[in-house]
Amino acid sequence: MSYGSSSSGARGGRRVEYGRTYVVRPKGRHQATIVWLHGLGDNGASWSQLLDSLPLPNIKWICPTAPTRAVAAFGGFPCTAWFDVEDTSVDGRDDIEGLDASAAHVANLLSSEPSDVRLGIGGFSMGAATALHSAACYAHGRFTNGVAYPITLSAVIGLSGWLPCSRTLKSKMDSSQTALRRAGALPILLSHGRADEIVTYRNGERSAQILQSSGFQYLNLKSYNGLGHYTIPEEMDDVCKWLRSMLGLDRSRG
């Protein structure tokens, strides 16, 4: 495992400082690179340790740390967050500027990967929301601010998350046959606990419904009875199986 120093990007005339990025190198033939995004108040280190333990030797994991910013849900208290959030639901106010900035940061992390390597984005909670926003930007071909989306995605995973910008997604996809084609061909896995008290299962279910009605037909929603706002080995086993299948990964460590 290795890590890089923080990087910064402009957002609304301000500089946003990203924290440390942790990288888990593939133990076998490098076939895919996935950026994994942590939840609110967390950092890239905890997820990098979990991902390093998964039996997926052909994946390189990149685990960045979000900027520290004031978060409305915490009364303006600062913590690591990919965007500002007040309500963790599909009906909440969308910090489009923050979502675009984080999606651009993720795309930049993936832009220098080898051309024969498949690219993906995954995340937990607000990290999942950022991953889904990235999926929408990829299908649409541009970020919400009009800047072109620079990479091709092969897989998106959202654990215990929600779909941001849900009210405008369908019209964006309907505006272009290319967008609908990209949306329909992008594999998405959503996993959610039925006992989640932070991002309710209903929000995960509605996110899946809105995505599917907007053209993201290659979507699988998995639910877990009794699971709250955290992950369990059963869920990560299902993530591994899905990634092997969707990305055509080798099963050996060679």
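The values are calculated or read from the model by the stated rules, or taken from the named source; none is laboratory data. Because the structure is predicted, anything quoted here is derived from the model rather than measured. Positions of Cβ are generated from backbone atoms using ideal geometry, with glycine treated the same way; all protein chains shown enter the neighbour counts.
From the list Arg206, Arg167, pick out the single residue that is of a type in the set (Lys, Arg), modelled with pLDDT of 95 or more and in a helix (DSSP H, G or I). Reasoning before the result, please.
Working: Arg167 fails: modelled with pLDDT of 95 or more.
Only one candidate passes the filter, namely Arg206.
Please specify each residue of region 68-91 satisfying the condition of being of a type outside the set (Asp, Glu), without any contact (Cβ under 8 Å) to a residue 60 or more places away in the chain, surrounded by fewer than 24 Cβ atoms within 10 Å (Cβ to Cβ) and in a loop (DSSP other than H, G, I, E, B).
Residues satisfying the conditions are Gly75, Gly76.
Please state which of the following conditions Thr130 fails to meet, knowing it meets all the rest: (1) in a loop (DSSP other than H, G, I, E, B); (2) modelled with pLDDT of 95 or more; (3) among the β-branched types (Val, Ile, Thr).
That leaves (1) as the condition not met.
Please tell me if Val156 is surrounded by 15 or more Cβ atoms within 10 Å (Cβ to Cβ), assigned to a helix (DSSP H, G or I) and either β-branched (Val, Ile, Thr) or free of Cβ contacts under 8 Å to residues at least 24 places away in the same chain (or both).
Working: surrounded by 15 or more Cβ atoms within 10 Å (Cβ to Cβ): yes; assigned to a helix (DSSP H, G or I): no; either β-branched (Val, Ile, Thr) or free of Cβ contacts under 8 Å to residues at least 24 places away in the same chain (or both): yes.
For Val156, the condition - surrounded by 15 or more Cβ atoms within 10 Å (Cβ to Cβ), assigned to a helix (DSSP H, G or I) and either β-branched (Val, Ile, Thr) or free of Cβ contacts under 8 Å to residues at least 24 places away in the same chain (or both) - is not met.
Only residues that are under 15 Å from the mean Cα position of the chain (by Cα) and among the small types (Gly, Ala, Ser): list them for region 166-211, please.
If we filter region 166-211 for residues that are under 15 Å from the mean Cα position of the chain (by Cα), which is where we start, we get 186-192, 204, 207-208, 211.
Answer for region 166-211, where residues must be under 15 Å from the mean Cα position of the chain (by Cα) and among the small types (Gly, Ala, Ser): Ser191, Gly204, Ser207, Ala208.
Do we find that Gln217 is out of contact with any Phe, Trp or Tyr (no Cβ under 7 Å at 6 or more places or on another chain), surrounded by fewer than 17 Cβ atoms within 10 Å (Cβ to Cβ) and not in a loop (DSSP other than H, G, I, E, B) in this structure?
no
Which of the residues that make up region 36-67 are closer than 14 Å to Met126 by Cα and either β-branched (Val, Ile, Thr) or more than 15 Å from the chain's Cα centre (by Cα) (or both)?
Gly41, Thr65, Pro67
Pick out the one residue from Phe143, Phe124 that is under 22 Å from Leu189 (Cα atoms), more than 11 Å from the chain's Cα centre (by Cα) and not charged (D, E, K, R).
Step by step, each of Phe143, Phe124 is checked, and only Phe143 is under 22 Å from Leu189 (Cα atoms), more than 11 Å from the chain's Cα centre (by Cα) and not charged (D, E, K, R).
Which residue is surrounded by the fewest Cβ atoms within 10 Å (Cβ to Cβ), if the candidates are limited to region 21-67 and must be touching an Asp or Glu at 6+ places or on another chain (Cβ under 9 Å) and under 22 Å from Glu97 (Cβ atoms)?
Restricting to residues being touching an Asp or Glu at 6+ places or on another chain (Cβ under 9 Å) and under 22 Å from Glu97 (Cβ atoms), the top hit is Thr65.
Please work out which residue is surrounded by the fewest Cβ atoms within 10 Å (Cβ to Cβ), limiting yourself to region 220-248 and to residues that are without any contact (Cβ under 8 Å) to a residue 60 or more places away in the chain and among the aliphatic types (A, V, I, L, M).
So the first thing to find is which residues in region 220-248 are without any contact (Cβ under 8 Å) to a residue 60 or more places away in the chain, and the list is 220-228, 232-234, 237-238, 241, 245.
Going one step further and asking which of them are among the aliphatic types (A, V, I, L, M), we end up with 221, 227, 232.
Details: Leu221: 18, Leu227: 20, Ile232: 14.
Checked region 220-248; the qualifying residue surrounded by the fewest Cβ atoms within 10 Å (Cβ to Cβ) is Ile232.
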